[in-house]
Amino acid sequence: MVGCKCIICRLTEMVESEISGKIYNDIMDHMNHCENCSSLYNTFIKTIDLCHNMDKLKLPAKRKKVFHKWVRIEARRIVIKRYRY
Ligand SMILES: [Zn+2]
C-alpha cells in the first residue's frame, strides 16, 4: 500500500518515467483513489509541460538544466507546504 507521502517523493521520477513495474502500478492505483495526489500530479505535469514549451524557445543547455532543477525544488517545496509534511 502506497501512501500520499510516497507519491510526493516519487513525483519527479514518475514524470520523467524513471519508475516502472510494481511501484508504478501501486502509485497509479493510489492516484485513482486519492484526489489530492491525482490533482497534484496533474498540476505537476502542467508545470513540466510549460518547461518543455520553454525548451522550444531554445534555452541554452546550461540554463535548461538549472531551470529543470529549479522546477523540481519549487514543486517539492509547494507540496511540502501544502500537505505539511
Ligand atoms: Zn494520496
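Would you pick out the residues in segment 29-43 that are within 15 Å of the chain's Cα centre (by Cα) and polar (S, T, N, Q)? Selection gives 36, 38, 39, 42, 43.
How many residues, within segment 4-58, are at pLDDT below 75 and within 10 Å of the ligand (Cβ to nearest atom)? Counting residues in segment 4-58 that are at pLDDT below 75 and within 10 Å of the ligand (Cβ to nearest atom) gives 1.
For segment 23-37, the count of residues that are touching a residue at least 24 places away in the same chain (Cβ under 8 Å), of a type outside the set (S, T, N, Q) and closer than 17 Å to residue 77 by Cβ is zero.
The values are calculated or read from the model by the stated rules, or taken from the named source; none is laboratory data. Worth saying up front: this structure is predicted, and the values here are computed from it rather than measured. Note: ideal-geometry Cβ built from the backbone for every residue, glycine included; neighbour counts use all protein chains shown.
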